[in-house]
Amino acid sequence: MAKYDYVPSPFMANSIVKWVDHRLPIFSLIDHELIKYPAPRNLNYLWNFGSLAGIMLVVMILSGIFLAMNYNPSTAGAFDSVERIMRDVNYGWLIRYIHMNGASMFFIVVYIHILRGLYYGSYKYPREILWWLGIVIFIAMMATAFMGYVLPWGQMSFWGATVITNLFSAFPIVGEHIVLWLWGGFSVDNPTLNRFFALHYLLPFVIAGVVLLHLWALHVHGSNNPLGIDAKGPQDKIPFHPYYTAKDAFGLAVFLIFYAYFVFFSPYSLGHPDNWIEANPLVTPAHIVPEWYFLPFYAVLRAVPDKLGGVLLMFGAIVILFLLPWLDTSRVRSARFRPVYRVFFWLFVICCLVLGYAGSQPAEGLPLILGQVATIWYFAHFLVFLPLLGWFERPLPLPASIAEPVLGGGKSGTVAASKPMEKA
Amino acid sequence: MRTAKLLIASVLAFGLGIAAASAAETPKVPTQKWAHTGFFGTFDRAELQRGYQVYKEVCAACHAMHQIRFRNLAGIGLSEAEIAALAKEYEVTDGPNDEGEMFQRPARPADRFKSPFPNQQAARAANGGAYPPDLSLIAKNRVGGENYIYALLTGYKETPPAGVTVMEGMHYNEWFPGHQIGMAPPLSADRVTYADGTKATLEQHAHDVSVFLAWASSPHLEARNSLGLKVMLFLFILAGLLYATKRKVWRNIKH
């Protein structure tokens, strides 16, 4: 990272600030990491989604705490207590819809955040651990969302919990013990609901902890940028405040409009109608489907007829992300300069959408075949295409610096980050 | 555990099979005109009250509405006195009293609607094994919501299409998944006599009770719409101001 000339903010001269900072350098931290924190000057709006994800975590924790104050985690009382929140608690419907739709919003934001990382190669040296921590957050989010969906104790809550916890029984020898241990009994029942509630309350704070590590790792080398090249000097960077605080604030307002549309005008379109029926272990819903954000993984799970195989593939689909920094052998980060990767990136996005569609349909006929093809593509993308692309693709010439394309000047030559070639 | 595995496998197989079958057999229900849909939607109080009358005089014979309390009827425009008088028509079990006995007393506005059956088993036993679902959330827990309710209530056919055999005790309905429904056609012209003189056609009954059930599922819909519009207005103005701010802050930065 380029050397950045740090000039303290005016408030750092305040005597109280100085007194505190001498003992606990919290103001220095704020000034260094939030205000003067040097960020590339060319970040586009896709870089808003990290801060949006952080804000969603806060929204979910706050709305969740208020829901928990009115929630009864028992099989006999959960559904009614949620209805009481919806009907009798002052603005309970608002808090619930913020939380319920917030889960979907959180995943939308995080999926865009992940795809941005994939497009611009943000997972590459020196940001591998930053990328890992992001995946850890993603996994914890999925666990939290899954357990949260069980809490209203609707039909999909119960049957989704039954199907997903049963996945663990696929593992030989230990599988059945794991399932009993998860359930705290011999079926999804009151103990299951109690522990899911406890964990659903706990995990967001674990996520918050990992988010801090994620930010820590981020701030070591700073943000990647749309050009995917390192900053060469102070002209490439601008302080986070006011530039990115202003840009993030505008992005937040636009995002909130989107979010508020669902909360106020379409609050249950993202969920499944069956979850408004109280859980009944004796009546199976016609079609058990997870929430939309799990559908791609659900399609991978069902792509192979073998249960253990499906479970391993599904976990593999996430675990493979950890290896991405080494599976992608290209040294050029941004897809802007990778004409072939750019095509494969969009094919990968389509592949994920196809998986999502396949996951929403009964596992038979055309959707099943689509799901299988897309599953193969998903793994081939990481295991075949990405390693090979690095060898065969001819990247476009990289600009000399971040500032060069906008400010002009500097050397007109290219940086030998990779084999510079003229446009094919 | 093997049984659990089998259960899951059969659940999936059976569930997916049914879903495929029902998806193929039940077409999408037509959308009706409602006063309460859209950004500015509000419930029509007259429709709500007529709908409640239909529920009370027809549906309530078999269908509970566990989540609704008499006091909630303020939402359909009934006064406190009307609600108290209405609640008094029902006897509910309370207790135990100081002697340890359960006793009957007239219902109060704070009581839940009285369920027609003491439990699900009794409801099934009285209805040929089919459970008349609780209607508190029916407009949320059926695909199509109030449009589905309306379609179902008006979708009975006395003679099923050629080649379809309706099982003993079942009825043919165009919109019910699988088309065979245990509920006999509940509504017909002049089934209830509307106090406001509205002509009681089958369609009018179905429309009114669908509105009532939509209200029961989302009693805060009007508050939601009205707050939502204010929030949206605020957010659009905020977004505009923040965009202007961003432009101003960035005016000297080439990027």
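Laboratory data are not the source of any read-out in this text; all were calculated from the coordinates shown. Values in this document were obtained by computation on a predicted structure and should not be read as measured data. Cβ atoms come from the backbone with ideal geometry, glycine included; neighbour counts cover every protein chain shown.
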I need the peptides B:102-109, B:211-218 ranked by packing, meaning the mean over residues of other C-beta atoms within 10 angstrom, with the highest value on top. B:211-218, B:102-109
When Cβ neighbours within 10 Å are restricted to other protein chains, what is their mean count per residue of peptide A:275-286? 4
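Please state the charge dipole magnitude for chain B, taken about the Cα centre, from unit charges on C-beta atoms (+1 on K and R, -1 on D and E), reported in debye and rounded to the nearest 20. Write out the running numbers ahead of the final one.
On the way: 27 positive and 23 negative charges, 400 e Å.
Roughly 1920 debye for chain B.
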Compute the distribution of all C-alpha to C-alpha distances in region A:37-288, in bins of 5 Å from 0, and list the percent of pairs in each, rounded to whole numbers. 1, 6, 12, 15, 16, 14, 12, 9, 7, 5, 3, 1, 0, 0
Put one equal scatterer on each alpha carbon of region A:74-180, apply the Debye formula with no solvent term, and list log10 I(q)/I(0) at q = 0.14, 0.24 1/Å to two decimals. -0.79, -1.22
Which one of A:Trp216, A:Ala335, A:Tyr71 has its Cα pushed farthest toward the positive end of the charge dipole of the protein assembly as shown, where Lys and Arg give +1 and Asp and Glu give -1 at the Cβ? A:Ala335
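How much length would be gained if the chain were fully extended between B:Thr245 and B:Ala162, taking 0.36 nm per residue of separation minus their Cα-Cα distance, in nm to one decimal?
So the extension gain works out to 23.0 nm.
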Separation of the A:Phe258 and B:Ile253 label points, Cα + 7 Å toward Cβ, nm: 2.1
What is chain A's relative contact order, in percent, from Cα pairs under 8 angstrom and six or more apart in sequence? 20
In the neighborhood of B:Val249, defined by Cβ-to-Cβ distances under 12 Å, what is the net charge if each Lys or Arg adds +1 and each Asp or Glu adds -1? +4
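Roughly how big is chain A's charge dipole about its Cα centre, with Cβ charges of +1 (Lys, Arg) and -1 (Asp, Glu), in debye to the nearest 20?
On the way: 26 positive and 22 negative charges, 296 e Å.
Dipole size: approximately 1420 debye.
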Distance check, please: which entries in A:Lys36/A:Lys247; A:Lys247/B:Lys230; B:Lys56/B:Lys157 exceed 18 angstrom between their Cα atoms? A:Lys247/B:Lys230; B:Lys56/B:Lys157
So for the pair B:Thr201, B:Ala35, with labels modelled 7 Å out along Cα→Cβ, what separation do we get in nm? 1.8
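Past 29 Å, Cα to Cα: identify those pairs from A:Lys18/B:Lys248; A:Lys237/B:Lys248; A:Lys307/B:Lys140; A:Lys18/B:Lys246; A:Lys18/A:Lys232; A:Lys124/B:Lys248, in the order given. Please list the in-between numbers first.
Working: A:Lys18/B:Lys248 32 Å; A:Lys237/B:Lys248 18 Å; A:Lys307/B:Lys140 33 Å; A:Lys18/B:Lys246 31 Å; A:Lys18/A:Lys232 33 Å; A:Lys124/B:Lys248 34 Å.
Over 29 Å apart, Cα to Cα: A:Lys18/B:Lys248; A:Lys307/B:Lys140; A:Lys18/B:Lys246; A:Lys18/A:Lys232; A:Lys124/B:Lys248.
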Once every DSSP H run of n ≥ 4 in the protein assembly as shown is given -39500 (n - 2.57) and the sum is divided by its residues, what mean residue ellipticity at 222 nm do you get, rounded to the nearest 500 deg cm²/dmol? -17000 deg cm²/dmol
Alpha carbon centroid spacing (whole Å) that separates region A:352-395 from region A:166-236: 24
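Per residue of A:253-265, how many C-beta atoms from partner chains lie within 10 Å of its own C-beta, taken as a mean? Before the final figure, lay out each step's value.
Values: counts 10, 6, 2, 6, 7, 1, 1, 6, 5, 0, 4, 11, 9.
Other-chain Cβ atoms within 10 Å of each residue's Cβ, averaged: 5.
Averaging sequence separations of C-alpha pairs under 8 Å and six or more residues apart, then dividing by the length of region A:115-249, give the relative contact order as a whole percent.
On the way: 93 pairs, mean separation 43.6, N = 135.
Relative contact order, region A:115-249: 32 percent.
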Need one number: convex hull volume per residue for region A:263-419, Cα atoms only, in Å³. 169
The alpha-carbon pair-distance distribution computed for the protein assembly as shown, with 10 angstrom bins and whole-percent values, is 3, 12, 20, 22, 18, 12, 7, 4, 1, 0
